[in-house]
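Notes follow once the structure below has been shown.
The values are calculated or read from the model by the stated rules, or taken from the named source; none is laboratory data. Please read these numbers as outputs of a predicted model, since none were measured by experiment. Reconstructed Cβ throughout: ideal geometry from the backbone, glycine too, with neighbour counts over all protein chains shown. Please note that ligands, DNA and RNA were not included when accessible areas were found on the heavy atoms of the full protein model with its side chains. Shrake-Rupley method; radii C 1.70, N 1.55, O 1.52, S 1.80 Å.
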Amino acid sequence: EAKAAGGDTWRVYSQEQTALATDRVRLTARLREAIERDELVLHYQPQIGLDDGRIIGVEALVRWQHPESGLIPPDRFIPVAEDSGLIVGLGERVLQKACHQAREWLDCGVDFGHVAVNISAAQIRRSTVAPQVKVALAESGLPPHCLQAEITESIAMDRRGEAPAFLQAMQELGVRLAMDDFGTGYSSLGYLRDLPFDTLKVDRLFVRPLPESAPDAAIAEAICTLGCRLGLEVLAEGVETPAQADTLRGFGCTSAQGFLYSRPVPAEQLPATLSELAEPAPKESPGAGDD
Ligand code: C2E
Ligand code: MG
Ligand code: MG
Ligand code: MG
């Protein structure tokens, strides 16, 4: 082991490790340029009320519009952004874009509810994100209640880190809060009562196996019951089938997001997507779809 061997021992990398490290260095450099060149774009995915089908919000999801490689999903570059510190600038751009876009929609009467922005643990740890939220709201003129900050359960529940200060700052600003990927962390349920969240997002992990899997149904139902009893909006992630939506509705889940309703779409496409969703579903009738 390098450490046990003493100070000036060279760490021996395998060829693959070296290649991976080089890839990461390249990717970091390229990502820095991408942020400067404004190659990051936001797509928006609608969130739907399960009782009446109304639009309750849209989630902003970042993509990298790479000139050669096309659209790169966040899982491929967010981890690199977090490790390199680029997440600070990236997160700032995401907040600015989402707030300006939402303000524009407000101005043209697009009823999107709120815009939800993902904020990662690395952003919270650096304590720079609360001031960024404040500035993005002020510069765009977006009313704070039209913005929702999504943070994952594991970071939200960390009482010792920067999370409590962040949550308090959002509460003071009047920004809504959603706990993302709920059910996958290790929540102290008692602490949940004390936190200023508006929404619990049931992780896709428990939604995907519905309605067949009894254990996943038990977990999803328990989360829905807990959230409702605490007076929270409970939103299911990754809803892909009507059977999943029906099951969740039966559990008292209040809202849903997923491919059943819409994939994340570019900003230009969102108003049309929302109007389609607002139209009553076409009635199933004999002869429908014959043409
Ligand atoms: P998340 O916040 O849990 O977002 C939900 C993910 O599920 C999105 O993936 C979305 O496209 C996907 N999804 C939605 N409905 C369905 C469905 O019905 N089926 C399936 N299979 N998937 C569905 P995406 O856009 O690739 O984002 C992945 C993760 O990247 C997000 O998970 C979030 O943690 C992170 N992320 C995205 N945008 C940002 C951002 O602006 N900043 C930060 N810090 N993280 C972001
Ligand atoms: Mg999210
Ligand atoms: Mg999620
Ligand atoms: Mg996730």
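Scanning region 123-138 for residues that are in a helix (DSSP H, G or I) and either within 16 Å of ligand 4 (Cβ to nearest atom) or in contact with a helix residue (DSSP H, G or I) (Cβ under 7 Å, 6 or more places away or on another chain) (or both) gives GLN123, ILE124, VAL129, ALA130, GLN132, VAL133, LYS134, ALA136, LEU137. Only one entry of THR128, THR152 meets the criterion of being within 20 Å of GLY85 (Cα to Cα), touching a residue at least 24 places away in the same chain (Cβ under 8 Å), open to solvent by 50 Å² or more (accessible area, probe 1.4 Å) and β-branched (Val, Ile, Thr), and that entry is THR128.
Selection within region 179-204: residues that are closer than 18 Å to ALA218 by Cβ and among the hydrophobic types (A, V, I, L, M, F, W, C). The member of this set that is farthest from ligand 2 (Cβ to nearest atom) is LEU189. Scan region 209-226 and give yes if some residue there is surrounded by 14 or more Cβ atoms within 10 Å (Cβ to Cβ), under 16 Å from GLU150 (Cβ atoms) and touching an Asp or Glu at 6+ places or on another chain (Cβ under 8 Å), otherwise no. Within region 209-226, none of the residues are surrounded by 14 or more Cβ atoms within 10 Å (Cβ to Cβ), under 16 Å from GLU150 (Cβ atoms) and touching an Asp or Glu at 6+ places or on another chain (Cβ under 8 Å). If you go through region 199-215 and keep only what is within 27 Å of VAL58 (Cβ to Cβ) and assigned to a helix (DSSP H, G or I), you end up with ARG204, LEU205, PHE206, VAL207. State yes or no: is ARG176 modelled with pLDDT under 95, more than 13 Å from ligand 3 (Cβ to nearest atom) and open to solvent by 20 Å² or more (accessible area, probe 1.4 Å)? Answer is no for this residue.
Quick one: how many residues across region 64-76 are in a loop (DSSP other than H, G, I, E, B) and at pLDDT below 95? Looking only at that region, the number is 3.
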